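The structure under discussion appears below in the form of structure tokens.
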Amino acid sequence: MQVPAPFEYERATSVDHAIGLLERLGDTARLVAGGHSLLPMMKLRLANLEYLIDINDLHGELGRITVEPTQIRIGALTRHRELLESDELAAAFPIFRDAEKVIADPVVRNRGTLGGSLCQADPSEDLSAVCTTLNASCVIRGSSGERVVTMEEFHRGPYETAVGDGEMLIEVRIPVRENGSSAYEKVERRAGDWAVVSAGAAVWMDGDAIADARVGLAAVGPNTTGIPAISEALRGKAPSEDLYAQAGAIAAESCSPVTDLRGSVEYKRHLASELTKRALRRSVARITEES
């Protein structure tokens, strides 16, 4: 039977209280909300902690989706289910609903959170790919105040983030731009599994041409990967199958997968190309349907 090492338990009553506990307890403490990533690691003794700080009581403070004219702000304790069911979020960024439909199962989606997903920093994590695709920013708070970092700055390596000791992720901010849409594509071995490869795309149109585009890949390298070369290749061009194929080829060349039980390097590069094409095609189609 898998049993974690002994630990002490604290329940935070506010964000400031949680930050104070993190400062006092140092790197021997971790925050827990859904716990679907942390608790299995503790049971396997891959994570040995002296303190767990339960932040579920902070959902009223950090579990929200706020739509503003220029951005959407999502609290770090917003549950997967809330992201899936938000019609306002889906209208602005359908990629979120695409991704949430293929994340785990209802049990996980009822408890797991956006902040927990991003802070786990798993290279195969779906919402990390979504936020990278959408050029999101992360708000980190400590006792000295708040700082805002990009997704590229937030994820420093596998299972490593920019959140320091005595700090916590409190919010994700996503810029809103006109005449755009997005989509998410994923191949998994079974329903709700980690991705073999996944790709998110976001496209903004100016008339018949692509004004801007972004692609984010997951499960094909040490970090969730954004690919600026695809943005450069698509910008100012009219959408076409040849253009999608060009973007797919760039995606395949730019990623760095490894052979494992989920597939070979060659297979994963093929998926990176194909899923990039599909996500771009569906993003453009959604813009056309709304016009």
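The values are calculated or read from the model by the stated rules, or taken from the named source; none is laboratory data. Keep in mind that what you see is a predicted model, and the values were worked out from it rather than measured. Cβ coordinates were reconstructed from backbone atoms using ideal geometry, including for glycine residues, and neighbour counts include every protein chain displayed. These accessible areas exclude ligands, DNA and RNA; they are computed on the full protein's heavy atoms, side chains included. Shrake-Rupley method; radii C 1.70, N 1.55, O 1.52, S 1.80 Å.
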| Counting DSSP beta bridges with both partners in the chain, what percentage is antiparallel, nearest 5? | 85
| request: Just the number, please: carbon plus sulfur as a percent of the accessible area of the stretch 38-170, 1.4 Å probe, no ligands or DNA/RNA counted. | output: 48
| task | Output ³J(HN,Hα) for the stretch 89-100: one whole-Hz value per residue in order, computed from phi by the Karplus curve 6.51 cos²θ - 1.76 cosθ + 1.60 with θ = phi - 60°, and x for Gly and Pro. | result | 5, 5, 5, 7, 9, x, 4, 5, 5, 3, 5, 5
| query | Computed from the mean reciprocal separation of all distinct C-alpha pairs, what Kirkwood hydrodynamic radius does the stretch 196-291 have, in Å? | reply | 13.3
| said: Output the 0 to 90 degree angle, nearest 10, between the alpha-carbon long axis of helix 265-290 and the longest principal axis computed from the alpha carbons of the chain. | reply: 70
| Check G192: other-chain or 5+ apart residues with amide H under 5 Å from its amide H, H built from backbone geometry? | A104
| field | Solvent-accessible surface ranking, highest first, for Y184, Y51 at 1.4 angstrom | value | Y51, Y184
| request: Calculate the all-directions average of the projected area of the stretch 1-108's alpha-carbon convex hull, and give it in nm². | output: 8.3
| request: Leaving ligands, DNA and RNA out of it, work out the accessible area of M205 with a 1.4 Å probe and give it in Å² to the nearest 10. | output: 30
| Proximal aspartates and glutamates relative to K237, as straight alpha-carbon distance under 17 Å, when same-chain residues fewer than 8 apart are discounted | D206, D208, D212
| How much length, in nm to one decimal, is gained on full extension between R64 and A229, taken as 0.36 nm per residue of separation minus their Cα-Cα distance? | 56.0 nm
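Among 242-253, 22-33, 2-13, how do they line up by average Cβ neighbours within 10 Å per residue, starting with the highest? Don't jump to the answer; show the numbers that get you there.
On the way: 242-253: 19.3, 22-33: 17.4, 2-13: 12.7.
Ranked by mean Cβ neighbours within 10 Å, highest first: 242-253, 22-33, 2-13.
Residue separation times 0.36 nm, minus the C-alpha to C-alpha distance between V265 and R45: what's the value?
On the way: separation 220, 0.36 × 220 = 79.20 nm, distance 3.02 nm.
Here the answer is 76.2 nm.
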| When the C-alpha atoms of the stretch 68-222 are aligned to their principal axes, what extent does each axis show, in angstrom, from largest down? | 48, 37, 29
| request: Take H270, H80, H59 and sort them by solvent-accessible surface of the protein heavy atoms, 1.4 Å probe, largest at the top. | output: H270, H59, H80
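Can you check how the C-alpha radius of gyration of the stretch 160-223 compares to 2.2 N^0.38 Å, as a plain ratio? Walk me through the numbers on the way to the answer.
Details: Rg = 16.0 Å, N = 64, 2.2 N^0.38 = 10.7 Å.
The reported ratio for this selection is 1.50.
Skip the ligands, DNA and RNA, and give the accessible area per residue of the chain with a 1.4 Å probe, whole Å².
Values: 13110 Å² over 291 residues.
Ligands and nucleic acids excluded, the result is 45 Å² per residue.
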| query | Given just the C-alpha atoms of the stretch 1-64, how large is their convex hull per residue in cubic angstrom? | reply | 81
| field | Heavy-atom SASA rank of E85, E171 (probe 1.4 Å, accessible area, largest first) | value | E85, E171
| Which lysines, on any chain, are close to K268 with Cα under 25 Å apart, when same-chain ones fewer than 8 places away are left out? | K101, K186, K277
| message | To test your reading of the geometry: what angle, between 0 and 90 degrees and rounded to tens, separates the Cα axis of helix 15-25 from the longest principal axis of the chain? | response | 60
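So, R0 is 30 Å and r is the distance between the beta-carbons of E290 and R156; what FRET efficiency does that work out to, to 0.05? List each step's numbers first, then the result.
Details: r = 37 Å, r/R0 = 1.24.
The value I calculate is 0.20.
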| Label point distance in nm, D87-T13, each placed 7 Å from Cα along Cα→Cβ | 3.9
| request: Normalise the Cα radius of gyration of the stretch 75-145 by 2.2 N^0.38 Å (N = residues in it) and let me know the number. | output: 1.10
| field | Share of alpha-carbon pairs per 5 Å distance bin for the stretch 211-251, given as whole % | value | 5, 25, 31, 22, 11, 6, 1
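Given the rule -39500 (n - 2.57) for each run of at least 4 DSSP H residues, summed and divided by the residues of the chain, what is its mean residue ellipticity at 222 nm, to the nearest 500 deg cm²/dmol? List each step's numbers first, then the result.
Values: 13 runs with 112 residues, N = 291.
When only DSSP H runs of four or more count, the value is -10500 deg cm²/dmol.
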| task | First obtain the Kirkwood hydrodynamic radius of the chain from its Cα pairs, then insert it into the Stokes-Einstein equation at 20 °C and 1.002 mPa s, and state the resulting D in µm² per second as a whole number. | result | 110
